[in-house]
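Each reported figure results from applying straightforward, stated rules to the coordinates on display, with no laboratory input. Quick caveat: nothing in here was measured; it's all calculated off a predicted structure. Using ideal geometry, Cβ is built from the backbone for each residue, glycine included, and neighbour counts are taken over all protein chains shown.
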Amino acid sequence: MSERAPLRSLARPVVAVAALLAIVLALWHLTAATAGLSITRAAVGPIPVTVFRPAAPGPAPVAVVAHGFAGSQQMMQAFATTLARDGVLVVTFDFPGHGRNPEKLAGGLTDDAAASGALVGALGRVVAFARDLPGGDGRVALVGHSMASDIAIQYARAHPDVDATVAVSVFARDVTADSPRNLQVVVGGLEPEMLHAEGRRIVGMASAGPVREGVTYGRFADGTARRLVVAPGVEHIGVLYSRDTLRAVRDWLDAAFARQGGDFVDARGPWIGLLLLGAVLLAWPLSALLPRAAVPAAGAGLRWRHLLPLAMLPAVATPLLLWKLPTDFLPLLLGDYLAVHCALYGLLTAGGMWLLRRRDAAGEAVRIRRSSLVIAALAVPAYAVLALALPMNAFVSSFLPTPTRVPFVLAMLAGMLPWFLADEWLTRGAAAPRGAYAVTKLCFLLSLALAIALDLHRLFFLIIIVPVILLFFVIYGLFSAWTYAAVRHPLPGALANAIALAWAVGVTFPLVVH
């Protein structure tokens with residue numbers, strides 16, 4: 001027996017214990033952030049809201065915290081807990097078309113005036129609700145990220161009784177030197193220069209010269225205070241979890257409300273990362289429990305000379321074939337295009353493999369153990385989806401489908417399943433070259449990039465999600481590889497990938513009036 005054999009046999013139990021410890025430790029830290037707070041859920045008409053009450057009794061100022069485009073109120077939890085632990089009564093909510101709000105967003109990406117009006121109207125209803133909450137002292141502040149930074153500024157300008165506004169990752173159409181009152185701009189250090197320039201422009205209206213980061217211009221007493229904060233080392237999403245961002249928001253509202261707060265900051269980003277890492281790593285030792293379903297290993301088993309054309313030709317053909325075709329048939333913003341892209345891509349890949357198989361002699365027959373394949377096909381997608389969906393929904397973003405969104409998840413699955421089935425079969429098999437899986441995913445991303453370039457106006461939103469899809473391919477590529485090593489059949493991995501991506505798109509993409 002090899003000297004390394006005992007070490008290899010211990011690897012899976014060690015990883016399982018480490019993953020479970022990571023999950024427990026992360027959950028402990030994440031739940032400890034809300035210690036002492038009273039958290040209740042309510043609804044303002046169709047708008048789901050969450051109220052975070054501080055532990056200290058007595059009247060308190062109110063902060064309404066608003067999420068950005070394609071976000072949800074869970075994304076803003078770090079702000080809510082930081083401010084509530086600081087003694088502020090906090091309300092978060094889901095905009096129309098977002099999160100668990102069943103109301104579709106008017107206008108979508110084409111009618112900016114209609115969309116803006118719907119968003120400002122929803123914010124106004126939540127602010128009115130927050131003002132009437134028991135325990136509020138009449139003072140109100142707004143915190144908005146990205147899209148909501150503009151919405152918060154519009155509302156605050158129209159309502160001068162808003163005491164302070166914080167605009168994170170700001171872009172705003174209407175700002176003057178003294179309106180809105182007491183405005184702080186926060187930008188992530190790694191965000192695009194246009195957001196930094198926008199921040200300097202807005203704060204520069206109140207400065208006598210070049211804007212200096214971290215300097216307060218104007219006075220809180222007359223509502224003219226302005227400040228620019230750059231949170232180092234973070235981008236458009238990371239800025240929401242940055243300790244520097246959260247501290248700046250807390251301190252700004254304390255100054256605007258002329259109160260002495262605490263020093264707590266809910267810097268939950270690393271703990272969310274540890275929780276998700278533990279869930280991903282736990283899949284490796286668990287995969288050893290899966291039964292083998294195919295002997296020998298199933299899959300196309302193609303060499304590079306056959307695999308590369310089948311990977312590259314659909315990548316080019318799909319966006320060209322869809323370029324002029326109407327694909328906006330669902331109210332799920334650009335979800336319909338993504339589903340059609342995947343479906344056509346998968347059909348072209350499967351068709352290419354069929355033609356190749358007709359030309360070449362059939363390989364060794366594969367014996368399928370159907371009961372084992374059914375078990376794996378049920379267990380792997382269940383873990384791959386729920387192990388990440390449950391923590392995501394609790395701590396990151398709305399990730400459990402509402403009844404309104406279930407049909408769109410199924411529609412996405414119908415479109416995505418053909419590509420994932422074809423791609424898994426293409427990249428698996430005893431003779432499949434190393435790196436084939438990564439190459440086909442790169443081809444898919446390049447295909448999306450070509451589609452965006454051909455129709456930038458309509459598909460611009462897809463630029464935002466390409467990095468997320470890349471991360472998805474890395475995580476679910478690991479699930480797929482570990483599953484295939486145990487089961488020796490592409491079906492469980494394909495189902496897990498297709499269901500997970502359809503789920504993610506169906507629950508997070510905005511619903512718009514079609």
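For n ≥ 4 DSSP H runs only, could you compute -39500 (n - 2.57) per run for the chain, divide by its residues and tell me the 222 nm figure to the nearest 500?
On the way: 15 runs with 274 residues, N = 514.
About -18000 deg cm²/dmol.
Rounding to the nearest 20 debye, state how big the charge dipole of the range 1-142 is about its Cα centre with +1 on each Lys and Arg Cβ and -1 on each Asp and Glu Cβ.
Details: 11 positive and 8 negative charges, 93 e Å.
Roughly 440 debye for the range 1-142.
So, by mean Cβ neighbours within 10 angstrom, what's the order for 244-255, 272-283 with the highest one leading? Walk me through the intermediate numbers first.
Values: 244-255: 22.1, 272-283: 19.5.
Packing order, densest peptide first, comes out as 244-255, 272-283.
Given a Förster distance of 56 angstrom, what is the FRET efficiency for Leu356 paired with Asp251, based on the Cβ-Cβ distance and rounded to 0.05?
Numbers: r = 64 Å, r/R0 = 1.14.
E(calc), rounded to 0.05, equals 0.30.
How high is the FRET efficiency from Asp174 to Ser371, r the C-beta distance, R0 51 Å, rounded to 0.05?
Working from the Cβ atoms, E equals 0.20.
On full extension of the chain, what length is gained from Leu446 through Ile464, given 0.36 nm per residue of separation minus the C-alpha to C-alpha distance?
On the way: separation 18, 0.36 × 18 = 6.48 nm, distance 1.45 nm.
Answer, rounded to one decimal: 5.0 nm.
With r defined as the distance between the Cβ atoms of Thr34 and Asp132 and R0 fixed at 30 Å, what FRET efficiency is calculated, to the nearest 0.05? Before the final figure, lay out the partial values.
Working: r = 24 Å, r/R0 = 0.79.
The pair Thr34/Asp132 has a calculated efficiency of 0.80.
What shape does the range 35-265 have by the C-alpha gyration tensor, where a ≥ b ≥ c are the square roots of the eigenvalues, rounded means a/c under 1.5, and otherwise prolate means a/b greater than b/c and oblate the rest? Numbers along the way, then the final one.
Numbers: a/c = 1.43, a/b = 1.11, b/c = 1.30.
The shape class here is rounded.
Let me have the relative contact order for the range 62-167, percent, based on Cα pairs under 8 Å that are six or more residues apart.
On the way: 178 pairs, mean separation 33.2, N = 106.
Computed over the range 62-167, the figure is 31 percent.
Where the only charges are on Cβ atoms (+1 Lys, Arg; -1 Asp, Glu), what is the dipole of the range 294-508 about its Cα centre, to the nearest 20 debye? Write out the running numbers ahead of the final one.
On the way: 15 positive and 7 negative charges, 132 e Å.
For the range 294-508, the charge dipole is close to 640 debye.
Of the beta bridges DSSP finds with both residues in the chain, what % are antiparallel, to the nearest 5?
Details: 15 of 41 bridges.
If I count the DSSP bridges inside the chain, around 35 percent turn out antiparallel.
By its C-alpha gyration tensor, with a ≥ b ≥ c as the square roots of the eigenvalues, how is the range 294-508 shaped: rounded for a/c under 1.5, else prolate for a/b larger than b/c, else oblate? All intermediate terms of the calculation are to be shown ahead of the outcome.
Numbers: a/c = 1.98, a/b = 1.21, b/c = 1.63.
It comes out oblate by the Cα gyration axes.
Classify the range 1-154 as rounded, prolate or oblate, taking a ≥ b ≥ c as the square roots of the eigenvalues of its Cα gyration tensor: rounded when a/c is under 1.5, otherwise prolate if a/b is larger than b/c and oblate if not. Before the final figure, lay out the partial values.
Values: a/c = 3.57, a/b = 1.74, b/c = 2.05.
Since a/c reaches 1.5 but b/c is at least a/b, the shape of the range 1-154 is classed as oblate.
Over the chain, what relative contact order in percent results from Cα pairs under 8 Å that are six or more residues apart? Provide the component values of the computation, followed by the final result.
Numbers: 969 pairs, mean separation 88.0, N = 514.
Normalised by residue count, the contact order of the chain is 17 percent.
Could the peptides 140-148, 160-168, 300-308 be put in order, highest first, of the mean number of other beta-carbon atoms found within 10 Å of their residues?
Working: 140-148: 26.0, 160-168: 23.8, 300-308: 17.2.
Final packing ranking: 140-148, 160-168, 300-308.
Mind giving me the nanometre distance, one decimal, between the label points for His159 and Leu400, set 7 Å out from Cα along Cα→Cβ?
Label at His159, label at Leu400, 3.0 nm between them.
Within the set of other residues whose C-beta is less than 14 Å from the C-beta of Ser207, count the net charge using Lys and Arg as +1 and Asp and Glu as -1. Could the numbers behind the result be given before it?
Values: positive: Arg200, Arg201, Arg212, Arg219, Arg226, Arg227; negative: Asp178, Glu213.
After counting each charged neighbour, the total is +4.
Of Val265, Leu491, Phe395, whose Cα points farthest to the positive end of the dipole of the chain (charges on the beta-carbon: +1 Lys, Arg; -1 Asp, Glu; origin at the Cα centre)?
Positive-end residue among those listed: Leu491.
How do the peptides 34-45, 459-470, 422-433 rank, highest first, by the average count of neighbouring beta carbon atoms within 10 Å per residue?
On the way: 34-45: 12.3, 459-470: 14.8, 422-433: 22.6.
Taking the mean over residues of other Cβ atoms within 10 Å, the ranking is 422-433, 459-470, 34-45.
Based on other C-beta atoms within 10 Å, arrange Glu103, Glu213 from fewest to most.
Values: Glu103 18, Glu213 13.
Going from sparsest to densest Cβ surroundings: Glu213, Glu103.
Can you give the net charge of the other residues whose Cβ lies under 14 Å from the Cβ of Ala55, counting K and R as +1 and D and E as -1? Can you show the working numbers first?
Details: positive: Arg53, Arg85; negative: Asp86.
Every neighbour counted, the sum reads +1.
Give the label of the value calculated from the structure for percent of Cα pairs over 46 Å apart, choosing from (1) 9; (2) 31; (3) 20.
Calculated percent of Cα pairs over 46 Å apart: the matching label is (3).
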